[in-house]
Amino acid sequence: MSRPDTSAGQEAPGDYPGLNGLVRRKVASVAARSGAWPWWAQAACVYAVARIVSACIFMAAALHQGVNPWFPAKPDYWNFINIWDARWYGEVLRNGYPSQLPVDESGNVRENAWAFYALFPMLGRALSAMTGLDPALALTFIAMAAGLGAALVVYCLFRQKAGHRTAMWAVAFFSAFPVAAVLQVPYAESLNLLLLASALLLVMQRRYLWAMPVVVLMCLSRPTGVPFAAMVGGLLAYRVWQLTRSRPDNTGPLPHNGRELLSLAALAAVSGLSALMWPAIAWAVTGDPAAYTKTETVWRGHDLVPFKPWFDTGIQLFGPVLGILAPFVFVALFGLLMTSPPVVALGAELRLWCVCYLGYLLVFLHPQTSTFRMLLPLFPLALSAALLSSSRAYRGAVVTMFVLLQIVWIVWLWAWAQLPGGGDYPP
């Protein structure tokens, strides 16, 4: 069949008329050229574009920022991202940790720096000392660099289970996630995700000995050590079960992968000890064995009681009957998610990590507005979302939805607006 004549104004299939067609051709041309780039350049570009979008949202929100505890109204971008916990990390960078827990007139422990792990501010102090950068800028630079590194490692992690295009879309989901804007502010999330993704990648590659120093550093960045240790312990049990199934008589010497099991057991031990390292350091410095726990519970206003805060929040939101049932419904829905085909495709290691991390949140977390930010370590589910459908319309809609929700998160939680009772919800 001959090509339709377009000289009379009829458009051939694939031709785009007018300004809209010009834009679409330009986008298609850029996409075609970028497709020839190396994987790391593509992933870095996706992440950089996402961070530019987040920066624009931050700057727009800053224009509407009113009176607040930190700076005059309508701050610039750099001041606007250096608030909330960023101020605590700056305090640790400049003054370190108190040797005694500060208490109020009633003897109750007050908010203090022991709630904030040391690796991130230590790196900021080193960079500031070497370059002369302002501490806030040093922390911001480290957060942005670590976020970029995390995106690259996340791509490598996803490539263990998916092709290039799907892995790149999953990186786009990770980069545009509603709370992903925190990866470019002076918080430790980006550094922790870099180390967490690296540790998960090494575990998936069964390079357990190489994972040990990464896990130690991860446990000094944010409190992800307990669920990681649980994941490694669960994986060890799973591997032993696989081994016993393959040897019905269960006698004789270990097969050739016995050394691998020993390495995995060693990683489980190192992970468990590393998870206790920061509370032990707080104990050694302050002389109080519960220094870290007392500090963490200051922000929730009561002692740590496993699981109870979820039921309290459920009752507050849904009433005395539905509120008791709500946590069970939530767990059941998450269980269904973990057994869905796109999540099963993640493999044992990533699925086990998601289960252990959510279990950790259920046991220890006090649900509040900061819970949204604490969902970032569940980033392997971004790959499941990309595996759900290969449709560009679906994947583009997910990214668009995430960006819109990112606007909600920044305007609602990052920007400060005093509540009727004082203070504001933390991001």
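We did not get these values from a lab; they are worked out from the coordinates using the rules stated. Remember, it's a predicted structure, so these values are computed and weren't measured experimentally. Don't worry about glycine lacking a Cβ; one is built from the backbone with ideal geometry, like all the others, and counts go over all protein chains shown.
Shown in residue order for region 234-239 are the 3J(HN,Hα) couplings computed by the Karplus curve 6.51 cos²θ - 1.76 cosθ + 1.60 at θ = phi - 60°: x, 5, 4, 4, 5, 5 Hz (x for Gly and Pro).
Of the options 108, 402, 282, report the single residue whose Cα projects farthest towards the positive end of the charge dipole of the chain (beta-carbon charges: Lys, Arg +1; Asp, Glu -1). After comparing all options, I get 402.
For region 172-186, backbone phi angles converted through the Karplus equation (6.51, -1.76, 1.60; θ = phi - 60°) give residue-by-residue couplings of 4, 4, 4, 6, 9, 3, x, 9, 5, 4, 5, 6, 10, 10, x Hz, Gly and Pro being listed as x.
Here the label points at residue 39 and residue 240, each 7 Å from Cα along the C-beta direction, are separated by 3.4 nm in the simple model. Computed over the chain, the per-residue total of -39500 (n - 2.57) for DSSP H runs of n ≥ 4 gives a 222 nm mean residue ellipticity of -20500 deg cm²/dmol, rounded to 500. When Lys and Arg each count +1 and Asp and Glu each count -1, what net charge do the other residues less than 14 Å away from residue 303, Cβ to Cβ, add up to? Result for the neighbourhood of residue 303: +1.
For residue 96, no residue whose modelled amide H falls within less than 5 Å of its own remains once neighbours fewer than 5 places apart on the same chain are excluded.
Residue separation of residue 259 and residue 111 scaled by 0.36 nm, minus their Cα-Cα distance, works out to 48.7 nm of gained length.
Net charge of the neighbourhood of residue 43, taken over other residues with C-beta under 15 Å away and scored Lys/Arg +1, Asp/Glu -1, is +3. Okay, which of region 403-427 sit inside 18 Å, backbone N to the point 7 Å along the Cα-Cβ direction of residue 316? Only 413-414, 417-427 fall inside the zone, counting backbone N under 18 Å. Footprinting exposure proxy ranking of 111, 349, 105, fewest other C-beta atoms within 10 angstrom first, gives 105, 111, 349. Put the Cα centre of region 392-427 next to the Cα centre of region 111-177 and the gap is 20 Å.
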